Structure formats: structure tokens, C-alpha cells
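Since the structure comes first, as C-alpha cells, the remarks are kept for the end.
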Amino acid sequence: MIKREESISKLDNIHLINEIKMLKSVLWINPNRKSTPNQEQFSLRHMEEANDRLNRFSSYIKVAFPETEKNDGIIESTIKEIPEMKKLIEGRRGFKIPGKLILKCDHSLPISGSIKARGGIYEVLKFAEAIAIEHGLLSLNDNYAKLADENFKKLFSEYKIAVGSTGNLGLSIGIISAKLGFQVTVHMSHDAKEWKKQLLRNKGVTVIEYASDYSKAVEEGRKQAQQDPKCHFVDDENSVDLFAGYSVAALRLEKQLQDQNIKVDANHPLFVYLPCGVGGAPGGIAFGLKLIFGENVHIFFAEPLQSPCMLLGMMTGLHDEVSITDIGLNNQTEADGLAVGRASKFVGKLMESVLSGCFTVDDSFLFRSLKGMYEQENIFMEPSAHAGVFGPILLISEGKHYLEDNGLSSKMENATHLVWSTGGDMVPFEERKIYLEKNV
Ligand SMILES: *Cc1c(COP(=O)(O)O)cnc(C)c1O
């Protein structure tokens, strides 16, 4: 602890740390960004391997989740311009956001209605594939639709899957694991919403509740799983499989941008704003985007004022060796998907060459944005999913240096601001009403 405190106080970043402690919204620019990502630990090959695996599984997904039929069993969301929301923001702020504002609609990803339907489902599919191949029931060239048959369910029922979660990862892992036939346990932190626990229990998932936060739920889950050789633990703090599953989004986005004639090149910068919890989901996507778009993509992570674990880890270079409690923050936020006090062990390190920066956002902004998005665009997104909406506002008002230093100031009329929405479709009607009526 002493060592940590020293590293924190030794920094040139003292001023910024003070602002974070005072719960001001800050924008931190990463001085170590490169034009291409460092590929020692994770590379294009890993992303393509994950993409191939998801393609193999598409015939199974189509049968198991008929709502994915129209997209041929590929779990993907659309991108959509949100001009009315843009007008609302500009009116409220009193300045223009140059360029286009588009939304990546992961709040409506099929199966589990959040960004976790990417990495979470991918990791379980990979585990299932390995077991089925090992038992001689499956080979890579088969039609994977047969995984829905009873003999596979019987096989998988001998295995267990466990995960620790603030909610959405639990939903994703719970739903896909139960569908395949695994015995599944979700360890939920205290901030997980009641309806998420209920929904999982209704699907036959074992839900264990903790009075403490996310890190504790993960730790307990990991401990219990380690004692059982037939149990696979989906480790949100350390999993490369989760990261790989998320990264595939970048390949899909590249195609979607092309289809809509949205250019990304030296004269058409792409800005991407991703809500960040432990870092796996935004990290995997960011890495994939950086592999594809190089220096023409500018990626920012968004965190709540009380939970800036990635920002703190990156600015100090301490990554998972520092917690937001070390600087006196308490991790209390209505953005339950982002209520994480300590960042992933490996994601922060991987983000050093990738990220343009991190910023923090007030909970009250999330609710104003939630209401605005619903009224202007008829889109419902959960509070966590709105963190990225603050990105273009902060970039234009506070990020002039970044734009100048990167020769972007004169190109902003050609810019695309892509706000990554991360969850919302599964939120029950009654809960939506409470969010929408919240006084902020
Ligand atoms: C999990 C989650 C995130 C962030 O993902 P991490 O992998 O935890 O960084 C963002 N938004 C929502 C709605 C989430 O559920």
C-alpha cells in the first residue's frame, strides 16, 4: 500500500488526480498512443480466429436463438445516425459538434441485449466446442446446428460454468450456458439489479449474491471454480477469450461503415467512445479497431466519476495494482455495468499503444442523456450505456490540444463520432419507467 501511495503521489499527474478526487469530470490524454497496436500479446490472428469460430457457430446460434435468423446466426447490432440527439446536445451545450454522430447499437444485440453478448457468448462457445471435439462428437467442418441435439446437452450437463459479474456478463453467460446444457453459476455483486438475478433463476441458473462489490464477486467465483476440475471459470479480469470475442466487433464495424459510405482515412477521422468497466469489452473492441484503422481511429474510454479504474491504472502505469479506493473514491454509481474499482490485469497494458484517452462522466449526465435519447430518437439505453455520449461533448470543449497535436482541427467537419451503446434491451418496462422519470 505504501509503495502504491508513493507511485501515485510521485506523478506529474497530481493535478489531474486532485480533480478526480474532487469528482470533477476529466479528460486524460494518453501520451503513449502509437499508430499501430503492440501485437506481442494479442494480434490480428487471434481476432480472425475468433471471427472464424463465431462463423462456425452461426448455424447453431440460428437454431438455438431464432431471433438471430434474419442475420444468419451472427450476433450483431446496427449502426445508426442520431441527428435529433445531436441537435439536442448542441442546443444544450451552445456549441456545434462538427461531423456526424452515430450510435453503435449494442443495447439491442440479440440474445442478451448488451455488449456482453459478444465476448461472453464467445467464450462459452469456445469451451463447448473444445469439449465436443475432445469427445469425438464434433469436427470443425460439421454443421454446428447439431449442437442443439439432446446428446450434446447431455454431454455438457456434466460440465459447469461460473462467472462473477455486476449483471450483464452474468446474463450473457447464464443464458448461453443454460441453452447449451451446462450447469451454470453466476456470482453477483451487490449492485446487480434484482430483475437480472430473477431472470437468470428462471432459466435454471444458480445465482449467488454478495454484499460486496464486483472484484469480490469475481474473486469468490474464481476460488470456488478452482476446486472443481469440471468447472470453467469465465474470468472477466483476465480472460483473453473474452477479449478476442469482443475484438471481432471491429471487423463487423469496418464492413458496416463501408456499406453506409462512411469513410475512415487520414482526412476522415473516426472517433469512438466506449463505456469502460473492468476493460475487457471496450478493450477488445478498441484493439480490433486499432488493428484495422491504425492512426485514423481515436478511441476514448468513458467511466463514472466514482469508478475511473482504467483511467487511474493507465495514467499511473500501475494498471491492476491500483484501485480507486486508494485515492478515496467509493465506486458508488448508478451505472452498474461500470461499477469496477480495479481494472483488468492485462487490458490496461494492451491499451497503452491503442487509446487516445479516458474521461469521466457524472451520473446525472447519464440520466439526462437517457431521457434525451428516448425522447429524441426513441431509443432506450441503460444508464451505463450513456457514458460514451459525453465523449464528443468533452472532446470538442476540452480536447483542443489533442485535435491540434494530431493535425485534426481542420478535418473535424469530415469526422465521424461513434458512440458505442452497450446495453438496454433487456431492461423491463417498469425499470425503464423509473429511469425515465428520474429527476436530474
Ligand atoms: C460490461 C459493460 C460495460 C463495460 O465492459 P467491461 O468489459 O466491464 O469494461 C459497459 N456497458 C455495459 C452496459 C456493460 O454491461
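Throughout, read-outs are computed from the coordinates displayed, never taken from laboratory work. Predicted model only: the values in this text are computed from it and were never measured. Methodologically, a virtual Cβ is constructed for each residue, glycine included, from the backbone with ideal geometry; neighbour enumeration extends over all protein chains shown.
Structure notes:
- Counting every other Cβ atom within 10 Å of each residue's Cβ, H107, H386, H190 order from fewest to most as H190, H107, H386.
- Sequence of D265, D362 once ranked by neighbouring C-beta atoms within 10 Å, starting from the fewest: D265, D362
- Dipole of the chain, positive end: most advanced residue of S108, L403, G279 [Cβ charges, Cα centre]: S108
- Dipole magnitude (debye, nearest 20) for the chain, charges at Cβ of Lys, Arg, Asp, Glu: 340 debye
- Taking every alpha-carbon pair under 8 Å whose residues sit at least 6 apart, the chain reaches a relative contact order of 22 percent.
- Hydrodynamic estimate: the Kirkwood radius of the chain over Cα pairs, inserted into Stokes-Einstein at 20 °C and 1.002 mPa s, corresponds to D of 98 µm²/s.
- Dipole of the chain [Lys/Arg +1, Asp/Glu -1 at C-beta], most positive-end residue of Q256, G288, H135: Q256
- Relative to the dominant Cα principal axis of the chain, helix 168-180 is inclined by about 20°.
- Rounded to the nearest 20 debye, dipole of segment 132-273 from Cβ charges on Lys, Arg, Asp, Glu: 420 debye
- Residues M85, M412, ranked from the fewest to the most other C-beta atoms within 10 Å, line up as M412, M85.
- GNM result for the chain, Cα springs below 10 Å: residue of Q198, Q306, Q183 fluctuating most strongly: Q198
- Loop-located GluC sites (Glu not before Pro) across segment 103-163 with a Cβ neighbour count of 15 or fewer within 10 Å are E158, with loop assigned by DSSP.
- Radius of gyration (Cα atoms) of segment 83-160, expressed as a multiple of 2.2 N^0.38 Å: 1.88.
- Taking only the Cα atoms of segment 74-214, the radius of gyration and Dmax are 19.4, 64 Å.
- D (Stokes-Einstein, µm²/s), Kirkwood Cα radius, segment 226-341, 1.567 mPa s at 4 °C: 82 µm²/s
- Across segment 192-351, the relative contact order, built from alpha-carbon pairs under 8 Å that are at least six residues apart, equals 22 percent.
- Only alpha carbons enter this Debye calculation for segment 306-364, each as an equal point scatterer, and the log10 of I(q)/I(0) it gives at q = 0.14, 0.21, 0.23, 0.28 Å⁻¹ is -0.35, -0.77, -0.90, -1.20.
- Selection from F346, A385, I17, by position along the positive dipole direction of the chain (Cβ): A385
- Alpha carbon Rg of segment 115-170, scaled by the compact-globule rule 2.2 N^0.38 Å: 1.24
- Shape class of segment 1-136 from the Cα gyration tensor (axes a ≥ b ≥ c, square roots of the eigenvalues): oblate, since a/c reaches 1.5 or more and a/b does not exceed b/c.
- Pairwise Cα inverse-distance average, inverted: Kirkwood Rh of segment 372-440 (Å): 14.2 Å
- Contact order normalised by residue count of segment 107-208, Cα under 8 Å, 6+ apart, percent: 25 percent
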